[in-house]
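The values are calculated or read from the model by the stated rules, or taken from the named source; none is laboratory data. Values in this document were obtained by computation on a predicted structure and should not be read as measured data. All Cβ positions, even for glycine, are placed from backbone atoms using ideal geometry, and neighbour counts span all protein chains on display. Protein only, heavy atoms only, side chains kept; ligands, DNA and RNA dropped before computing areas. Shrake-Rupley method; radii C 1.70, N 1.55, O 1.52, S 1.80 Å.
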Amino acid sequence: MTANVTRLEDNKVRLDVEVPPEAVREGVEAKLRELRKQVRVPGFRPGKAPRRVLETHLGRDYIYMEALQESLPAWYSRAVIDADIRPIDRPEIHFDDPLDEKKGFRFSATVEVRPEARLGEYKGLEVPKREVEVTEEQVEERLEELRGQFATLAAVEDRPVREGDFVILDFKGERMAGGELPGTEAEDYMLEVGRGELLEDFEKNLVGMKAGERKQFAVTFPMDYREESLRGQSVLFRVHVKEIKERDLPPLDDEFAKEASEFETLEELRAAIREQLEEAARRRADGEFRARVLDAVAERAEVEVPEVMVEDKAEEMVRSFERSVSAQGIKPEDYYRIAGTGREEFKRQVRDDAADTVKKELVLDAVVAAEGIEADEEAIRHEIEHLAEDSGRSPEEVERNLRENGTYALLREELARQKALDFLVENARAVPMPPEEPGSDEVEAGVESSARTDGDDSEEGESR
């Protein structure tokens with residue numbers, strides 16, 4: 001099969017495709033085998049009617065039309081792969097002559113493709129980078145967190161409940177107008193007061209109670225409460241505090257260091273914690289810097305982002321989010337209901353991020369073209385092995401499927417983008433961060449969505 005590409009206006013191309021006779025015959029024969037099983041022809045067992053009988057029974061034009069509808073999408077997909085173009089919308093397909101098993105078949109497909117970004121200055125840009133700094137307070141805070149993991153609980157007899165205590169209690173809720181309210185009772189429930197495990201007003205009412213004390217108080221559930229039946233409900237709780245316990249923290253000494261880590265002294269443990277915090281800070285600073293470099297290059301580039309690409313990217317982001325919540329055991333429809341939103345509203349909320357992501361992908365594609373960047377075969381092999389491991393298939397099978405449905409090209413493209421971003425970062429000049437500019441976790445997340453290789457998306461593309 002041959003496909004010639006003609007560039008048109010408005011970011012469109014026309015594919016002129018010639019399908020050889022053998023491919024046409026293969027498509028027609030495949031449809032005939034299917035029709036033999038579906039159509040009952042008097043005098044013949046199912047699946048045994050000869051072709052000439054089926055043609056007489058159904059009509060050759062009907063068989064050819066059915067074969068064309070079955071084969072044309074595959075022929076178009078193959079032409080797209082062979083022509084190495086990236087359609088972003090459905091094609092307009094035109095043909096004048098019907099299938100011909102002797103002459104073959106010709107058709108044209110006009111389709112909008114990815115636009116090309118016009119790069120501005122993209123090498124040697126001065127981009128702010130955060131200094132890596134870890135304070136003594138941060139080290140001590142992490143040390144206290146570790147200390148808390150080795151704390152024991154000791155009973156409290158001589159004082160009432162205060163925030164940070166652990167209490168064991170029974171509680172039961174009922175409607176203010178009277179009547180039981182399922183889901184608002186428990187016995188021997190252990191709660192860390194002030195942590196926010198239960199309603200804030202409920203936990204505040206526990207402060208000041210003594211062991212053995214009983215108390216009743218009213219609490220109103222918020223309108224966004226996860227259990228829909230309790231939203232806005234005013235509930236009278238009867239509470240019995242049975243026990244009060246407090247953390248008994250181990251002393252910060254060399255013995256603690258030996259118990260909590262592989263180090264012999266507390267100072268060695270402190271030094272290790274500082275090193276871990278500095279490494280984490282360096283990773284955050286590097287991630288922020290990468291995102292700022294890409295932002296700076298994108299700001300200097302000219303590119304029109306097609307609406308269809310934004311819509312597709314927004315849908316992709318929503319599907320990715322839904323896979324994430326499903327992995328946590330939450331049905332997406334339940335999440336939307338609890339959050340008081342809907343799928344389409346959520347998609348509208350991510351459209352700006354989707355448009356920004358598409359723009360940066362197009363900019364990275366332009367850098368790939370300008371610098372002649374190609375994905376490393378070793379990196380491609382690594383990603384395929386990762387997909388194979390996740391899906392329980394052989395790398396050879398995964399690669400074959402990726403190549404057949406065109407997703408292999410997408411994987412190669414994503415890895416090339418990652419190399420392009422590496423190139424931009426290596427050619428940028430880091431300058432001190434202006435003191436008035438605050439930190440941004442969103443910036444760090446932006447680089448991940450703009451330039452990472454997403455194995456899940458590759459796998460999803462394979463399944464399509």
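Some points to look at:
- With all protein chains modelled, accessible area of D158 [1.4 Å, Å²]: 140
- Gain in span if fully extended, R403 to R33, counting 0.36 nm per residue against the direct Cα distance: 130.5 nm
- Sequence-distant lysines (8 or more away, or on other chains) whose Cα lies within less than 24 Å of K31: K48, K102, K103
- Take the Cα of E213, go 7 Å toward its beta carbon, and the backbone nitrogen atoms of the stretch 224-264 under 14 Å from that spot belong to 239-245.
- Helix 351-371 vs. the chain, principal-axis angle (Cα, 0 to 90°, nearest 10): 60
- Given charges at Cβ of Lys, Arg, Asp, Glu: the chain dipole, positive-most of A370, W75, Y122: W75
- Of all accessible heavy-atom area on the stretch 65-186, the percent that carbon and sulfur account for (1.4 Å): 45
- P(r) tail fraction, the stretch 146-263 - alpha-carbon pairs more than 25 Å apart, %: 35
- Value in Å of the Kirkwood radius, where the stretch 275-381 supplies the Cα pairs that are averaged: 16.8
- Given R0 = 41 Å, the distance between the Cβ atoms of E187 and E389 translates into a calculated FRET efficiency of 0.35.
- Given K313/K419; K12/K419; K359/K419, the pairs whose alpha carbons are separated by over 26 Å: K12/K419
- Histogrammed with a bin width of 20 Å, the alpha carbon distances of the chain distribute as 16, 35, 31, 16, 3 percent, first bin at zero.
- Taking the centroid of alpha carbons for each part, the stretch 369-430 and the stretch 108-145 are 20 Å apart.
- Nonlocal amide H pairs with V235, under 5 Å, H built at 1.01 Å: V219, T220, F221
- Near the amide H of E185, within less than 5 Å, lie the amide hydrogens of G173, all on another chain or at least 5 residues away, with H placed in the peptide plane.
- Here K215 is the anchor, and the lysines within straight C-alpha reach of less than 19 Å, apart from those fewer than 8 places off in the same chain, are K172, K204, K242, K245.
- If you wrap the stretch 253-332 in the convex hull of its Cα atoms and look at it from every side, the mean projected area works out to 9.5 nm².
- FRET efficiency, 1/(1 + (r/R0)^6) with R0 35 Å, evaluated for R226 and H94 via beta carbons: 0.05
- Largest-first principal axis extents, alpha carbons of the stretch 81-122, Å: 55, 18, 11
- Here the scattering of the stretch 1-88 is modelled by Debye summation over its C-alpha atoms, one equal scatterer each and no solvent; at q = 0.12, 0.15, 0.17, 0.21 Å⁻¹ the log10 of I(q)/I(0) is -0.49, -0.65, -0.75, -0.95.
- For the stretch 30-137, the normalised intensity computed at q = 0.13, 0.20 Å⁻¹ comes to -0.72, -1.08 (log10 of I(q)/I(0), Debye sum over alpha carbons, equal scatterers, no solvent).
- Taking every protein chain into account, the accessible area of the stretch 25-178 amounts to 65 square angstrom per residue (probe 1.4 Å).
- Estimated vicinal HN-Hα couplings, Hz - the stretch 77-86 in sequence order (Karplus 6.51, -1.76, 1.60; Gly, Pro = x): 4, 5, 5, 4, 5, 5, 7, 6, 10, 10
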